[in-house]
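Visitor: Below you'll find the structure I mean.
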Amino acid sequence: MANVKIEDSWKKQLIHEFDKDYMKSLSNYLRNEKKSNKDIYPPSHLIFNAFELTKFDDVKVVIIGQDPYHGIGQAHGLSFSVEFGIKTPPSLKNIYKELNDDLGIPIPNHGNLSKWAAQGVLLLNAILTVERGKPGSHANYGWEFFTSAVLQALHEKKRNLVYVLWGQKAQEKCSFIDSGNNLIIRSPHPSPYSANTGFFGSRPFSKTNTYLSENKIDVINWKVD
């Protein structure tokens, strides 16, 4: 992918991915889509924002999303997160509700999760781009290979991570992760369609911090305001 901007510690882990055929094909596809005047989210400079805000060496927690929000101004390269000034999406509202029930943290008045990312929470979408108004539109063009390589690098090089896997797709994506050396928290997706089937009451935030504390790792301050 031409002129890719990715943080140095991640580049060390992933540099060979950018020379692979799937990435060259993906780059050409995105370039042609933009030449066709299609709106692609997030903006080019934010596609790898999750890696910019959460360095490889700093990763403590991994939260997997599917693909970016497809509305105007929403996506900024972090799963479940939206830019400041954008209405909080329904799934994130449910995440905040569970956060409040779990830890008593007041529900924020915005949906920007950059403060989580800065503390080592990798907010990773399985697919890193999307066409405006078309959820899932960039599935099966190559991003899945790249994000699997991200997860494989974490699996091979790091221990005592917490993988927060909301929904079946996230759980399938991380099916190879070793639960003996990491904590894997599984629950239904926070979407309004499934949150009442086991997401609410799953207490992922307190479980994460308990595990980190037990392994002498600094806990996450989940408050974003």
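Visitor: Taking 1 over the mean of 1/r across every pair of different Cα atoms in region 111-225, what Kirkwood radius in Å do you get?
Guide: The Cα-based Kirkwood calculation yields 15.6 Å.
Visitor: Over the chain, what is the percentage of antiparallel beta bridges among all DSSP beta bridges, to the nearest 5? Numbers along the way, then the final one.
Guide: Values: 3 of 16 bridges.
Just about 20 percent of them are antiparallel.
Visitor: Please list, in chain and number order, the residues 5+ apart from G65 or on another chain whose amide H is under 5 Å from its amide H, with Hs placed from the backbone.
Guide: L124, N125, A126
Visitor: Once phi is turned into ³J(HN,Hα) by the Karplus curve 6.51 cos²θ - 1.76 cosθ + 1.60 with θ = phi - 60°, what whole-Hz value does each residue of region 209-225 show in order, with x for glycine and proline?
Guide: Working through the residues one at a time gives 5, 4, 5, 4, 4, 4, 9, 6, 10, 4, 6, 8, 8, 6, 6, 9, 7 Hz.
Visitor: Does anyone have the angle between helix 21-35 and the longest principal axis of the chain? Alpha-carbon axes, 0 to 90°, nearest 10?
Guide: The two axes meet at around 80 degrees.
Visitor: Quick check on packing: order 204-217, 157-170, 7-20, 41-54 by the mean number of other C-beta atoms within 10 Å, highest mean leading.
Guide: Ranking the peptides 204-217, 157-170, 7-20, 41-54 by packing returns 41-54, 157-170, 204-217, 7-20.
Visitor: Another question about this same structure. How much mean residue ellipticity at 222 nm does the chain get from its helices, if each DSSP H run of length 4 or more adds -39500 (n - 2.57) and you divide by all residues, to the nearest 500 deg cm²/dmol?
Guide: -10000 deg cm²/dmol, from helical runs alone.
Visitor: Here is a follow-up. For region 152-225, give the percent of accessible area contributed by carbon and sulfur heavy atoms, probe 1.4 Å, rounded to a whole number.
Guide: Values: 1720 of 3900 Å².
Of the solvent-accessible surface of region 152-225, carbon and sulfur hold 44 percent.
Visitor: Taking the C-alpha atoms of region 1-120, how large are the radius of gyration and the largest Cα-Cα span, Dmax, in Å?
Guide: Rg and Dmax of region 1-120, Cα atoms, are 16.1, 48 Å.
Visitor: Another one. Evaluate the relative contact order of the chain (contact order divided by residue number), counting alpha-carbon pairs under 8 angstrom at least 6 apart; express in whole percent. Please report the intermediate quantities before stating the final value.
Guide: Details: 381 pairs, mean separation 52.2, N = 225.
It comes to 23 percent, rounded to a whole number.
Visitor: Based solely on C-alpha atoms, express the radius of gyration and the Dmax of the chain in angstrom.
Guide: Just the Cα atoms of the chain yield Rg and Dmax of 16.8, 52 Å.
Visitor: Now a separate question. On the protein heavy atoms, probe 1.4 angstrom, tell me the percent of accessible surface of region 15-89 carried by carbon and sulfur. Spell out each step's value before the answer.
Guide: Details: 1820 of 3640 Å².
Percent of accessible area from carbon and sulfur atoms in region 15-89: 50.
Visitor: Working from Cα positions, state the angle (0 to 90°, nearest 10) between the long axis of helix 143-157 and the longest principal axis of the chain.
Guide: 50
Visitor: Considering amide H positions built from the backbone, and no H for Pro or chain starts, which residues 5 or more places from L113, or on another chain, come under 5 Å of its amide H?
Guide: Hits under the 5 Å cutoff: V82.
The values are calculated or read from the model by the stated rules, or taken from the named source; none is laboratory data. Worth saying up front: this structure is predicted, and the values here are computed from it rather than measured. Glycine gets a Cβ as well: all are built from the backbone with ideal geometry, and neighbour counts include every protein chain shown. Only protein heavy atoms, including side chains, enter the accessible area calculation; ligands, DNA and RNA are left aside. Shrake-Rupley method; radii C 1.70, N 1.55, O 1.52, S 1.80 Å.
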